[in-house]
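Working notes, structure below.
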Amino acid sequence: MLRIAVPNKGSLSGPAADMLHEAGYQQRRESKELRIVDPVNEVEFFYLRPRDIAIYVASGRLDVGITGRDLLIDSGADAEEILPLGFARSTFRFAAKSGTATGIADLKGRTVATSYEGIVAGHLADSGIDASVVHLDGAVETAIELGVAEVIADVVETGTSLRNAGLEVFGEPIMKSEAIVIRRSGADTEDAKVQQFLRRLQGVLVARTYVMMDYDCRVEQLEKAVALTPGLESPTVSPLHNEGWVAVRAMVPAKEAQRIMDDLYAIGARAILTTAIHACRL
(Lines give C-alpha, C1' and ligand atoms only; values in the text may rest on other atoms or scores of the structure.)
Protein backbone atom coordinates (compact mmCIF):
# COMPACT_ATOMS: atom_id res chain seq x y z
CA MET A 1 0.00 0.00 0.00
CA LEU A 2 0.99 3.61 -0.58
CA ARG A 3 1.72 5.19 2.80
CA ILE A 4 0.74 8.87 3.01
CA ALA A 5 1.23 11.42 5.81
CA VAL A 6 -1.60 13.91 6.35
CA PRO A 7 -1.70 16.89 8.78
CA ASN A 8 -3.72 15.97 11.86
CA LYS A 9 -4.56 19.54 12.91
CA GLY A 10 -4.10 23.22 12.11
CA SER A 11 -4.80 25.20 8.96
CA LEU A 12 -3.50 22.42 6.72
CA SER A 13 -5.67 19.63 8.13
CA GLY A 14 -9.18 20.48 6.91
CA PRO A 15 -8.28 21.57 3.35
CA ALA A 16 -5.98 18.54 2.93
CA ALA A 17 -8.74 16.15 3.99
CA ASP A 18 -11.21 17.90 1.66
CA MET A 19 -8.84 17.58 -1.29
CA LEU A 20 -8.17 13.91 -0.59
CA HIS A 21 -11.92 13.28 -0.34
CA GLU A 22 -12.48 15.03 -3.68
CA ALA A 23 -9.74 12.83 -5.13
CA GLY A 24 -11.73 9.76 -4.15
CA TYR A 25 -9.89 8.68 -1.01
CA GLN A 26 -11.49 7.58 2.23
CA GLN A 27 -10.76 9.92 5.15
CA ARG A 28 -11.05 9.58 8.91
CA ARG A 29 -14.37 10.18 10.62
CA GLU A 30 -12.98 11.28 13.97
CA SER A 31 -10.08 13.58 14.75
CA LYS A 32 -8.72 11.05 17.24
CA GLU A 33 -7.95 8.53 14.50
CA LEU A 34 -4.22 8.50 13.77
CA ARG A 35 -4.24 5.90 11.02
CA ILE A 36 -6.80 4.59 8.53
CA VAL A 37 -6.63 2.14 5.66
CA ASP A 38 -8.39 2.73 2.35
CA PRO A 39 -8.36 -0.81 0.89
CA VAL A 40 -10.19 0.11 -2.31
CA ASN A 41 -7.46 2.57 -3.32
CA GLU A 42 -4.65 0.61 -1.64
CA VAL A 43 -3.61 3.56 0.49
CA GLU A 44 -2.75 3.88 4.18
CA PHE A 45 -3.07 7.34 5.74
CA PHE A 46 -1.15 8.46 8.82
CA TYR A 47 -2.35 11.64 10.60
CA LEU A 48 0.67 13.41 12.06
CA ARG A 49 1.74 16.79 13.42
CA PRO A 50 2.37 19.02 10.39
CA ARG A 51 5.87 19.87 11.64
CA ASP A 52 6.81 16.18 11.83
CA ILE A 53 5.65 15.08 8.39
CA ALA A 54 8.82 16.03 6.52
CA ILE A 55 10.89 14.02 9.02
CA TYR A 56 8.79 10.89 8.58
CA VAL A 57 8.81 11.15 4.78
CA ALA A 58 12.56 11.80 4.69
CA SER A 59 13.12 8.65 6.76
CA GLY A 60 11.53 6.54 4.03
CA ARG A 61 8.93 5.12 6.43
CA LEU A 62 6.21 6.97 4.54
CA ASP A 63 6.09 7.38 0.77
CA VAL A 64 4.65 10.90 0.46
CA GLY A 65 3.15 13.55 2.68
CA ILE A 66 1.15 16.76 2.65
CA THR A 67 2.69 19.63 4.59
CA GLY A 68 3.61 23.29 4.20
CA ARG A 69 6.57 24.49 2.17
CA ASP A 70 7.60 26.52 5.20
CA LEU A 71 7.57 23.43 7.43
CA LEU A 72 9.60 21.42 4.91
CA ILE A 73 12.30 24.06 4.67
CA ASP A 74 12.30 24.75 8.39
CA SER A 75 12.75 21.06 9.20
CA GLY A 76 15.91 20.69 7.13
CA ALA A 77 14.71 17.16 6.31
CA ASP A 78 16.01 15.28 3.28
CA ALA A 79 12.71 15.59 1.42
CA GLU A 80 11.57 17.54 -1.62
CA GLU A 81 8.47 19.25 -2.97
CA ILE A 82 6.77 17.48 -5.88
CA LEU A 83 3.39 19.23 -6.18
CA PRO A 84 2.04 22.58 -4.92
CA LEU A 85 -1.58 22.32 -3.77
CA GLY A 86 -2.71 25.95 -3.79
CA PHE A 87 -4.13 26.27 -0.28
CA ALA A 88 -2.81 27.52 3.08
CA ARG A 89 -0.85 30.24 1.31
CA SER A 90 1.23 32.53 3.51
CA THR A 91 4.10 35.04 3.32
CA PHE A 92 7.00 35.31 5.76
CA ARG A 93 8.23 38.79 6.57
CA PHE A 94 10.50 40.59 8.99
CA ALA A 95 8.88 43.15 11.30
CA ALA A 96 10.14 45.64 13.88
CA LYS A 97 9.25 48.90 15.60
CA SER A 98 8.52 51.64 13.11
CA GLY A 99 11.65 53.34 11.81
CA THR A 100 14.14 50.87 13.30
CA ALA A 101 14.84 48.87 10.12
CA THR A 102 14.25 49.24 6.38
CA GLY A 103 15.99 46.20 4.93
CA ILE A 104 17.76 42.97 5.77
CA ALA A 105 21.12 44.78 6.01
CA ASP A 106 19.81 46.51 9.14
CA LEU A 107 19.65 43.13 10.94
CA LYS A 108 23.42 42.83 11.30
CA GLY A 109 24.26 42.22 14.95
CA ARG A 110 20.61 42.11 16.01
CA THR A 111 18.43 39.37 17.48
CA VAL A 112 15.48 37.95 15.53
CA ALA A 113 12.68 36.02 17.25
CA THR A 114 10.72 33.45 15.22
CA SER A 115 8.92 30.13 15.32
CA TYR A 116 10.74 29.12 12.14
CA GLU A 117 14.39 29.13 13.11
CA GLY A 118 15.52 26.98 10.18
CA ILE A 119 13.97 29.28 7.57
CA VAL A 120 15.20 32.50 9.14
CA ALA A 121 18.73 31.29 9.93
CA GLY A 122 19.08 29.97 6.38
CA HIS A 123 17.79 33.19 4.87
CA LEU A 124 20.16 35.31 6.94
CA ALA A 125 23.11 33.08 6.07
CA ASP A 126 22.27 33.18 2.35
CA SER A 127 22.13 36.99 2.58
CA GLY A 128 25.46 37.20 4.41
CA ILE A 129 23.91 38.73 7.54
CA ASP A 130 25.42 37.92 10.94
CA ALA A 131 22.45 38.01 13.34
CA SER A 132 21.19 35.91 16.25
CA VAL A 133 18.00 33.87 15.96
CA VAL A 134 15.84 33.05 18.98
CA HIS A 135 13.28 30.26 18.65
CA LEU A 136 9.86 30.87 20.19
CA ASP A 137 6.76 28.69 19.92
CA GLY A 138 3.48 30.44 19.19
CA ALA A 139 2.93 34.17 18.82
CA VAL A 140 6.16 36.15 18.60
CA GLU A 141 4.74 39.70 18.46
CA THR A 142 5.49 40.33 22.15
CA ALA A 143 9.16 39.35 21.84
CA ILE A 144 10.21 42.92 21.05
CA GLU A 145 8.12 44.50 23.81
CA LEU A 146 9.58 42.09 26.37
CA GLY A 147 13.14 42.68 25.17
CA VAL A 148 13.76 39.14 23.93
CA ALA A 149 14.53 40.38 20.40
CA GLU A 150 14.71 43.54 18.32
CA VAL A 151 13.12 42.01 15.22
CA ILE A 152 10.63 39.23 14.59
CA ALA A 153 10.05 37.02 11.55
CA ASP A 154 6.60 35.53 11.13
CA VAL A 155 3.71 34.72 8.82
CA VAL A 156 1.97 37.90 7.65
CA GLU A 157 -1.55 37.85 6.20
CA THR A 158 -3.32 41.17 6.80
CA GLY A 159 -0.69 42.63 9.14
CA THR A 160 -3.36 43.58 11.69
CA SER A 161 -1.79 41.73 14.63
CA LEU A 162 1.57 43.35 13.89
CA ARG A 163 0.09 46.84 13.76
CA ASN A 164 -1.74 46.19 17.02
CA ALA A 165 1.63 45.35 18.56
CA GLY A 166 3.15 48.57 17.19
CA LEU A 167 5.21 46.78 14.54
CA GLU A 168 5.55 47.12 10.78
CA VAL A 169 6.99 44.83 8.13
CA PHE A 170 10.10 45.82 6.21
CA GLY A 171 12.32 44.52 3.45
CA GLU A 172 11.53 41.83 0.90
CA PRO A 173 9.49 38.74 1.85
CA ILE A 174 11.57 35.93 3.30
CA MET A 175 9.53 33.33 1.43
CA LYS A 176 6.05 32.42 0.19
CA SER A 177 4.53 29.20 1.38
CA GLU A 178 1.57 26.95 0.61
CA ALA A 179 0.53 23.34 1.10
CA ILE A 180 2.63 20.91 -0.93
CA VAL A 181 3.13 17.20 -1.53
CA ILE A 182 6.59 15.98 -0.57
CA ARG A 183 8.63 12.81 -0.95
CA ARG A 184 12.04 11.62 0.17
CA SER A 185 14.85 13.18 -1.87
CA GLY A 186 16.09 10.76 -4.51
CA ALA A 187 12.99 8.54 -4.35
CA ASP A 188 11.83 6.77 -7.51
CA THR A 189 10.19 9.42 -9.70
CA GLU A 190 8.34 6.80 -11.75
CA ASP A 191 6.66 4.96 -8.88
CA ALA A 192 3.26 4.05 -10.36
CA LYS A 193 1.32 4.43 -7.11
CA VAL A 194 2.81 7.85 -6.39
CA GLN A 195 2.11 9.00 -9.93
CA GLN A 196 -1.51 7.89 -9.66
CA PHE A 197 -1.85 9.80 -6.38
CA LEU A 198 -0.41 12.94 -7.97
CA ARG A 199 -2.69 12.63 -11.02
CA ARG A 200 -5.72 12.49 -8.74
CA LEU A 201 -4.67 15.62 -6.86
CA GLN A 202 -3.83 17.40 -10.11
CA GLY A 203 -7.31 16.47 -11.33
CA VAL A 204 -8.82 18.13 -8.25
CA LEU A 205 -6.72 21.25 -8.81
CA VAL A 206 -7.88 21.52 -12.42
CA ALA A 207 -11.50 20.85 -11.47
CA ARG A 208 -11.31 23.68 -8.94
CA THR A 209 -9.71 26.04 -11.45
CA TYR A 210 -11.91 25.47 -14.50
CA VAL A 211 -15.59 25.24 -15.36
CA MET A 212 -17.25 23.66 -18.37
CA MET A 213 -18.92 26.19 -20.66
CA ASP A 214 -21.60 25.33 -23.23
CA TYR A 215 -23.21 27.73 -25.68
CA ASP A 216 -24.82 28.03 -29.10
CA CYS A 217 -23.59 30.37 -31.82
CA ARG A 218 -24.01 30.99 -35.52
CA VAL A 219 -21.46 29.38 -37.83
CA GLU A 220 -20.20 32.72 -39.11
CA GLN A 221 -19.29 33.72 -35.53
CA LEU A 222 -17.63 30.41 -34.66
CA GLU A 223 -14.02 31.53 -35.12
CA LYS A 224 -14.55 34.53 -32.85
CA ALA A 225 -16.23 32.29 -30.27
CA VAL A 226 -13.45 29.70 -30.38
CA ALA A 227 -10.88 32.46 -29.86
CA LEU A 228 -12.69 33.30 -26.62
CA THR A 229 -12.99 29.65 -25.52
CA PRO A 230 -10.00 27.73 -26.95
CA GLY A 231 -10.30 24.99 -24.32
CA LEU A 232 -7.30 22.82 -23.49
CA GLU A 233 -6.71 21.20 -26.89
CA SER A 234 -9.70 22.67 -28.74
CA PRO A 235 -13.44 23.01 -28.06
CA THR A 236 -16.06 20.46 -29.06
CA VAL A 237 -18.28 21.78 -31.86
CA SER A 238 -21.52 20.04 -32.90
CA PRO A 239 -24.13 21.06 -35.50
CA LEU A 240 -27.60 21.99 -34.25
CA HIS A 241 -30.93 21.07 -35.83
CA ASN A 242 -31.41 24.67 -36.93
CA GLU A 243 -29.18 25.21 -39.96
CA GLY A 244 -26.40 27.72 -39.46
CA TRP A 245 -26.08 27.12 -35.72
CA VAL A 246 -23.58 25.04 -33.74
CA ALA A 247 -23.20 23.99 -30.10
CA VAL A 248 -19.80 24.57 -28.51
CA ARG A 249 -18.32 23.08 -25.32
CA ALA A 250 -14.99 24.03 -23.76
CA MET A 251 -13.21 24.28 -20.41
CA VAL A 252 -12.56 27.87 -19.32
CA PRO A 253 -10.86 29.37 -16.25
CA ALA A 254 -13.46 29.76 -13.51
CA LYS A 255 -12.25 33.22 -12.50
CA GLU A 256 -12.76 34.47 -16.08
CA ALA A 257 -16.08 32.73 -16.76
CA GLN A 258 -18.35 35.77 -16.27
CA ARG A 259 -16.25 37.97 -18.55
CA ILE A 260 -16.15 35.25 -21.22
CA MET A 261 -19.93 34.85 -21.03
CA ASP A 262 -20.33 38.61 -21.58
CA ASP A 263 -17.98 38.53 -24.58
CA LEU A 264 -19.75 35.51 -26.10
CA TYR A 265 -23.14 37.17 -25.70
CA ALA A 266 -21.80 40.30 -27.38
CA ILE A 267 -20.89 38.35 -30.54
CA GLY A 268 -24.30 36.66 -30.68
CA ALA A 269 -23.82 33.44 -28.70
CA ARG A 270 -26.88 32.30 -26.77
CA ALA A 271 -27.87 29.58 -24.23
CA ILE A 272 -24.55 30.11 -22.46
CA LEU A 273 -24.17 27.78 -19.49
CA THR A 274 -21.40 26.96 -17.04
CA THR A 275 -21.19 23.80 -14.94
CA ALA A 276 -18.75 22.75 -12.24
CA ILE A 277 -16.16 20.06 -12.91
CA HIS A 278 -15.93 17.52 -10.10
CA ALA A 279 -12.99 15.46 -11.37
CA CYS A 280 -10.79 15.21 -14.43
CA ARG A 281 -7.65 13.72 -15.94
CA LEU A 282 -5.64 15.72 -18.45
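The values are calculated or read from the model by the stated rules, or taken from the named source; none is laboratory data. Everything numeric here is computed off the predicted structure, so don't read it as measured data. Cβ: placed from backbone, ideal geometry, glycine included. Neighbour counts: every protein chain shown. Heads up: the accessible areas ignore ligands, DNA and RNA and are worked out on the full protein's heavy atoms, side chains in. Shrake-Rupley method; radii C 1.70, N 1.55, O 1.52, S 1.80 Å.
Condition check ((1) part of a loop (DSSP other than H, G, I, E, B); (2) farther than 30 Å from residue 196 by Cα) across all residues:
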residue	(1), (2)
232	yes, no
261	no, yes
268	yes, yes
278	yes, no
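Which ones in region 63-83 are open to solvent by 20 Å² or more (accessible area, probe 1.4 Å) and more than 24 Å from residue 44 (Cβ to Cβ)? Within region 63-83, 69, 73, 74, 76 meet the criteria. For region 240-253, the count of residues that are surrounded by fewer than 16 Cβ atoms within 10 Å (Cβ to Cβ), in contact with a Ser or Thr (Cβ under 9 Å, 6 or more places away or on another chain) and not basic (Lys, Arg) is nonzero. Can you spot a residue in region 171-193 that is within 30 Å of residue 263 (Cα to Cα) and either modelled with pLDDT of 95 or more or open to solvent by 20 Å² or more (accessible area, probe 1.4 Å) (or both)? No. Selection of first residues in region 189-202 that are more than 19 Å from residue 5 (Cβ to Cβ) and of second residues that are hydrophobic (A, V, I, L, M, F, W, C) and open to solvent by 60 Å² or more (accessible area, probe 1.4 Å), restricted to Cβ pairs under 7 Å at least 6 apart or on distinct chains, gives an empty result.
For every residue, the table says whether it meets (1) surrounded by 15 or more Cβ atoms within 10 Å (Cβ to Cβ); (2) among the aliphatic types (A, V, I, L, M).
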site: 5; (1), (2): yes, yes
site: 10; (1), (2): no, no
site: 20; (1), (2): yes, yes
site: 28; (1), (2): yes, no
site: 49; (1), (2): yes, no
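Residue 98: under 16 Å from residue 132 (Cβ atoms), modelled with pLDDT under 95, among the polar types (S, T, N, Q) and touching an Asp or Glu at 6+ places or on another chain (Cβ under 8 Å), yes or no? So residue 98 fails the test. The set of residues in region 128-139 that are over 17 Å from residue 71 (Cα atoms), in a loop (DSSP other than H, G, I, E, B) and out of contact with any Gly (no Cβ under 8 Å at 6 or more places or on another chain) comprises 128, 129.
Do the conditions hold for residue 135, that is, is it free of Cβ contacts under 8 Å to residues at least 40 places away in the same chain, in contact with a Phe, Trp or Tyr (Cβ under 9 Å, 6 or more places away or on another chain) and surrounded by 11 or more Cβ atoms within 10 Å (Cβ to Cβ)?
Working: free of Cβ contacts under 8 Å to residues at least 40 places away in the same chain: yes; in contact with a Phe, Trp or Tyr (Cβ under 9 Å, 6 or more places away or on another chain): yes; surrounded by 11 or more Cβ atoms within 10 Å (Cβ to Cβ): yes.
Criteria met by residue 135.
For region 143-159, enumerate the residues that are assigned to a loop (DSSP other than H, G, I, E, B) and among the β-branched types (Val, Ile, Thr). Once the filter is applied, which keeps residues that are assigned to a loop (DSSP other than H, G, I, E, B) and among the β-branched types (Val, Ile, Thr), region 143-159 yields 148, 158.
Set side by side, the residues 88, 121, 153 differ, and just one is touching a Phe, Trp or Tyr at 6+ places or on another chain (Cβ under 7 Å) and in contact (Cβ under 8 Å) with a residue 12 or more places away in the chain, which is 153.
Scanning region 96-132 for residues being open to solvent by 50 Å² or more (accessible area, probe 1.4 Å) and polar (S, T, N, Q) gives a total of 5. Considering only residues in region 213-231 that are open to solvent by less than 30 Å² (accessible area, probe 1.4 Å) and within 16 Å of residue 257 (Cα to Cα), the one that is modelled with the lowest pLDDT turns out to be 231.
Can you say whether residue 139 is modelled with pLDDT of 95 or more and under 24 Å from the mean Cα position of the chain (by Cα), as far as the supplied structure shows? No; evaluated as a whole, the condition is false for this residue.
Restricted to helices (runs of 4 or more DSSP H) entirely inside region 11-98, no element has at least 1 residues that are among the acidic types (Asp, Glu) and over 20 Å from the mean Cα position of the chain (by Cα).
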